[in-house]
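The values are calculated or read from the model by the stated rules, or taken from the named source; none is laboratory data. Worth saying up front: this structure is predicted, and the values here are computed from it rather than measured. No Cβ is skipped: glycine too gets one built from the backbone with ideal geometry, and neighbour counts run over all protein chains shown. Please note that ligands, DNA and RNA were not included when accessible areas were found on the heavy atoms of the full protein model with its side chains. Shrake-Rupley method; radii C 1.70, N 1.55, O 1.52, S 1.80 Å.
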Amino acid sequence: MASGYTLTAAKGVLTVTGQPSNDEAVVVGGKTYTFKATVGSADGNVHIGASAALTLDNLHAAINMDATKGETGVAATDFGS
């Protein structure tokens, strides 16, 4: 790492009032995440889970590219990669 740089993790709260519909999208940090009933392999796709909480788990997994944080723990199932 170059001298003088500090990396800081981003923090925020995303609140939903219900399940997103197929093809609804949210932009986080300039990247568009699109909610899908079937994810496929397209980067930015997020699976609509069995509940709003599970859908947010999938979005969290997609943002962090960490399949272990999603609904099933499987990339290309919870989010496109």
Q) Roughly how much of residue 68 is accessible, in Å² to the nearest 10, using a 1.4 Å probe? A) 110 Å²
Q) 222 nm [θ] for the chain, helices only, -39500 (n - 2.57) per DSSP H run of 4+, per residue, to 500? A) -5000 deg cm²/dmol
Q. Of 14, 25, 42, which is farthest along the charge dipole of the chain in the positive direction, counting Lys and Arg as +1 and Asp and Glu as -1 at C-beta?
A. 14
Q: Report, please, the projected area of the chain averaged over directions, based on the convex hull of its C-alpha atoms, in nm².
A: 6.0 nm²
**Q.** Proximal charge balance of residue 35 [Cβ under 9 Å; K/R count +1, D/E count -1]
**A.** -1
Q | Selected from 69, 31, 11 as most flexible by GNM, with the chain as the system and alpha-carbon contacts under 10 Å | A | 11
Q: Mind checking the per residue accessible area of the chain for me, 1.4 Å probe, whole number of Å²?
A: 64 Å²
Q: At a Cα cut-off below 13 Å, give the aspartates and glutamates reachable from residue 69, other chains included and same-chain residues fewer than 8 away excluded.
A: 57, 78
